[in-house]
Amino acid sequence: MSGSLVLFGPPGAGKGTQAGLIVDLTGKPQVSTGDMLRAAVKASTAMGMEAKEYMDAGLLVPDSVIIGLIEERLTEADASAGVLFDGFPRTIRQAESLEAIANVVAVISIEVPDSAIVERIVGRRMDPETGGIYHVNFNPAPPEIVSRLIQRPDDNEETVLARLAAYHQQTAPLAAWYGERDLLVSIDGDHSIDEVAAAVETVVRGLA
Ligand code: AMP
């Protein structure tokens, strides 16, 4: 399949968890703006330091910063046949900018109700060595790596509520925007990881 895919959904929907499956199925690289921003924070770049203020508050990083990151990433050789965007676009302005530089062929929306989000995010843990994503109850890590897992600083209850508010105000309207362009495919994400993966696989295979 040529062109790019977008993984869309609220924080905690399972985008990062399901991205690996789509990468395996399509061979497209995952482009996660959240991961790119966290790498910039870790490297203490000027952009990372600016972005951190927004991330810690649960707010969206300004469009100009994000669009610059994506423009640069898409110039890399592995992006030439399309990528899997994860956590991008998050505003109509980002989607409009993307339209000018990439051919988005489908937007896979993982739908999860707000009532399930806080528990998912507060229990989420990451493996800093592999980028693996776990959950203390829903997806426990192997015992031998549990001691090295970290919790994202923005994965606390207070920040989650701000992130959900940002999602509803700025990001959720994009579902209709992509729907109007006949690109939106919705999946019920309020199920186990394996059940959602099966639905994602069916959708991705149908795009081929
Ligand atoms: P994520 O890992 O996708 O949950 O993103 C973590 C945080 O990074 C978000 O809460 C935002 O502060 C910021 N962020 C990630 N992607 C974007 C984006 N496309 N637009 C604006 N802010 C973003």
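If you sort the three axes of the alpha carbon gyration tensor as a ≥ b ≥ c, you get a/c under 1.5 for the chain, which makes it rounded. Solvent-accessible surface of the chain, averaged per residue with a 1.4 angstrom probe and all protein chains in place: 49 square angstrom. Full extension of the chain between Val136 and Val23 yields a length gain of 38.2 nm, computed as 0.36 nm times the residue separation minus the alpha carbon distance.
Each other residue within a Cβ distance under 15 Å of Glu195 adds +1 if Lys or Arg and -1 if Asp or Glu, for a net charge of -4.
Please work out the FRET efficiency for the pair Glu119 and Ala57, using the Cβ-Cβ distance as r and a Förster radius of 22 Å; give the result to the nearest 0.05. Taking R0 as 22 Å, the efficiency between Glu119 and Ala57 is 0.50. Would you work out the relative contact order for the chain, in percent, from Cα pairs under 8 angstrom that are 6 or more residues apart? This gives 32 percent for the chain.
For the range 57-158, applying the loop criterion from DSSP together with a ceiling of 16 other beta carbons within 10 Å to the chymotrypsin sites (Phe, Trp or Tyr not before Pro) yields Phe138.
The values are calculated or read from the model by the stated rules, or taken from the named source; none is laboratory data. None of these values were measured; they are calculated from a predicted model. Quick reminder, even Gly has a Cβ in these numbers, built from the backbone with ideal geometry, and neighbours come from all protein chains shown. Only protein heavy atoms, including side chains, enter the accessible area calculation; ligands, DNA and RNA are left aside. Shrake-Rupley method; radii C 1.70, N 1.55, O 1.52, S 1.80 Å.
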